[in-house]
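Written out below as structure tokens is the structure these notes cover.
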């Protein structure tokens, strides 16, 4: 019974999971192309870790409320803006 509740909780934020993966891929791609410096990538990865921790806390009780889901979405929206702004700033990784 406990296992089914845990597995159900892991599936209650599928959109957040997909966005998280896409954001991680964008950071990786920015590093590969030189659009992000090591320091910028580290800051963005730290923000992603913060979001993952928040998502785990939300899922811990097995019930993700609407307000918790909105909070995660706001965090991801903010991270998305940070990724875009950082990738398009003047700082680039030296070749």
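The values are calculated or read from the model by the stated rules, or taken from the named source; none is laboratory data. Source: prediction; values computed, not measured. Glycine also receives a Cβ, built like all others from the backbone with ideal geometry; neighbour counts cover every protein chain displayed.
Out of the residues in the range 83-95 that are surrounded by 14 or more Cβ atoms within 10 Å (Cβ to Cβ) and within 14 Å of residue 22 (Cβ to Cβ), which is nearest to the chain's Cα centre (by Cα)?
Filtering first and then ranking leaves 83.
Among the candidates 68, 40, 47, single out the residue that is within 11 Å of the chain's Cα centre (by Cα) and surrounded by 14 or more Cβ atoms within 10 Å (Cβ to Cβ).
Details: 68 fails: within 11 Å of the chain's Cα centre (by Cα); 40 fails: within 11 Å of the chain's Cα centre (by Cα).
Residue meeting the stated conditions: 47.
Tell me, yes or no, whether the range 53-62 has at least one residue that is surrounded by 14 or more Cβ atoms within 10 Å (Cβ to Cβ), touching a residue at least 40 places away in the same chain (Cβ under 8 Å) and closer than 17 Å to residue 77 by Cβ. Walk me through it before giving the result.
At the first step, the residues of the range 53-62 found to be surrounded by 14 or more Cβ atoms within 10 Å (Cβ to Cβ) are 54-55, 58-59, 62.
Next, from what is left, pick out any that are touching a residue at least 40 places away in the same chain (Cβ under 8 Å): 55, 58-59, 62.
Retained after the next criterion (residues that are closer than 17 Å to residue 77 by Cβ): 55, 58.
Looking through the range 53-62, at least one residue is surrounded by 14 or more Cβ atoms within 10 Å (Cβ to Cβ), touching a residue at least 40 places away in the same chain (Cβ under 8 Å) and closer than 17 Å to residue 77 by Cβ.
Residue 16 - would you say it is in a helix (DSSP H, G or I) and at pLDDT 95 or above?
Details: in a helix (DSSP H, G or I): yes; at pLDDT 95 or above: no.
No, not satisfied.
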